[in-house]
Amino acid sequence: MTGPRRPLRLLRGHDGRRAIVQTAGKVTISFRLTLRSRRSMTTSLGGSCKIVDSHDRGAHSAASSALGYLYQVRYALLEALRRLCKGQEFAVSIETLDDVVFEEAGEAPELLQTKHHLSRAADLTDGSPDLWKTIRVWCEAHTAGQAPDGALFFLVTTSHAPDGHAAHYLRPGTCRNPESAMQRLNSTADSSSNQSNAPAYEAYRSLNLEERKKLLESAFVVEAAPNIQDLDAELREVVYIAVEQRFLESFLQRLEGWWYRRAIKHLLETNPAPILSEELYAETTSLREQFKEESLPIDDDIMSASVDASGYQDRLFVRKLRLIEIGNRRIFHAIRNFFRAFEHRSRWVREDLLLVGELERYEERLIEEWEIPFEQMRDELGESATEDAKKQAAQLLYKWVETETHPQIRTGVTEPSISRGTYQMLSDLQRVGWHVEFKERLRQLLEIREAIS
């Protein structure tokens, strides 16, 4: 047997793993990992982590375990993208039958055990705990009837499989020899006194020779896999042609963010449905469109974020809305648009997605667009208008901001909160307003408040 025709798949694990991965669904991970904003591990962005040396941790640190759980989710994405590039249709499950499972119509399911070591790990010798823990999982799945017929089993490890040992004979390629691997495993299981491996030896010996042979003919060891830090380069390579190179990091951040959110949803389900290749394809296609020249990315984490309006009540743009008696609910919509526009613009700047002077030119376009109805309002009111008439006219002008279609920063950016929120930002800077005398009235209001205080 020379090995599988397709890449590896990942399997699900234990409920404890789910709890840890669910923690990753918060804004930052509580694994005591040191994260950086550029590629932070959040529900929105996803990405790699800066690893703090183990000497900085306490004796009970769970950092290594946490990295192992995060690794299997990232590795699942890598394998899914590899398959997607080949045009394969598949379903992937995490923490079900094994760490990760890939299923494809008409093909044997592939079950992966992932073993991650950040530093140089011990080789996969015949007595390796990593090897035997994996064999135990496979044997127990076989005995319990949980392994699907024809399933392929993979041990994906950052360790090496030295020549002449069982793991070496289970590697794909010309050196593969499941019969030799079984002989070495039989010998180790019968003669080793390693107590930590004893349950695995017992599970292995519970299979008869024919069952062992069948299992090992379906088992593969993938050695020297990239660790969680090195996965960055692997992921960049597999999506390299998706967008222009200067957008690659931003594209991958968003793709990983979506993948983590989708994985968390999958892990939280009692009877989880697999993640379909169609979902991954749709997300990559959507993101690719957002990084074209005529577009910019609109991010789910910003659009779905809860906005605390209490922190905006003293902002000028809010005071100007109260000046013309806009209702509280509409003021909240204005605050939310301000937040969405501000956050997106800030992220575009940080990630260098904008052209030089593009924001300034966009703001000038919006101001020019506003000046037309504002000056129309001024002319219609004349010099003798009452305050009530001025407020009513201002309310109509503000309704124009809320409901009309305004120029977008780029033709492909159709999200209305960008233009509406930018108007609130301009209002906050006193560059636009709604009351015909908005500058004078606001100055008077601020002077009164200052005198009182």
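The values are calculated or read from the model by the stated rules, or taken from the named source; none is laboratory data. Since this is a predicted model, take the numbers as computed values, not measurements. We place every Cβ from the backbone using ideal geometry, glycine too, and count neighbours over all the protein chains shown.
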**Report entry** Yes/no for Ile409 being closer than 30 Å to His344 by Cβ, part of a helix (DSSP H, G or I) and either among the β-branched types (Val, Ile, Thr) or not assigned by TED's automatic domain parsing to the domain that holds Leu359 (or both)
**Finding:** no
**Report entry** Leading residue by the ranking (nearest to the chain's Cα centre (by Cα)) among those in region 429-444 that are more than 19 Å from Pro373 (Cα to Cα) and either outside the structural domain of Arg365 (by TED's automatic domain parsing) or surrounded by 15 or more Cβ atoms within 10 Å (Cβ to Cβ) (or both)
**Finding:** Leu442
**Report entry** Complete set of residues in region 168-201 that are of a type in the set (D, E, K, R) and surrounded by fewer than 17 Cβ atoms within 10 Å (Cβ to Cβ)
**Finding:** Glu179, Asp190
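Yes or no, residue by residue, for (1) among the β-branched types (Val, Ile, Thr); (2) modelled with pLDDT under 95; (3) in the same structural domain as Thr414 (by TED's automatic domain parsing):
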| residue | (1), (2), (3) |
| --- | --- |
| Ser277 | no, no, no |
| Asp300 | no, yes, no |
| Ile324 | yes, no, yes |
| His333 | no, no, yes |
| Asn337 | no, no, yes |
| Trp348 | no, no, yes |
Query raised in the report: In the set Asp149, Asp130, Asp123, which member is of a type in the set (D, E, K, R), in the same structural domain as Glu95 (by TED's automatic domain parsing), modelled with pLDDT under 95 and assigned to a helix (DSSP H, G or I)?
Result: Asp130
Query raised in the report: For region 313-339, what are the residues that are basic (Lys, Arg) and under 11 Å from Leu442 (Cβ atoms)?
Result: Arg319, Lys320, Arg322
Query raised in the report: Filtering region 384-403 down to residues that are loosely packed, with under 13 Cβ neighbours inside 10 Å and either under 11 Å from Val436 (Cα atoms) or hydroxyl-bearing (Ser, Thr, Tyr) (or both), which residue is farthest from the chain's Cα centre (by Cα)?
Result: Ser384
**Report entry** Subset of region 163-179 [more than 18 Å from Thr114 (Cα to Cα) and out of contact with any Gly (no Cβ under 8 Å at 6 or more places or on another chain)]
**Finding:** Asp163, Gly164, His165, Tyr169, Thr174, Cys175, Asn177, Pro178, Glu179
Query raised in the report: Among the helices (runs of 4 or more DSSP H) confined wholly to region 166-218, which include 2 or more residues that are in contact with a His (Cβ under 9 Å, 6 or more places away or on another chain), within 17 Å of Val137 (Cα to Cα) and charged (D, E, K, R)?
Result: 209-217
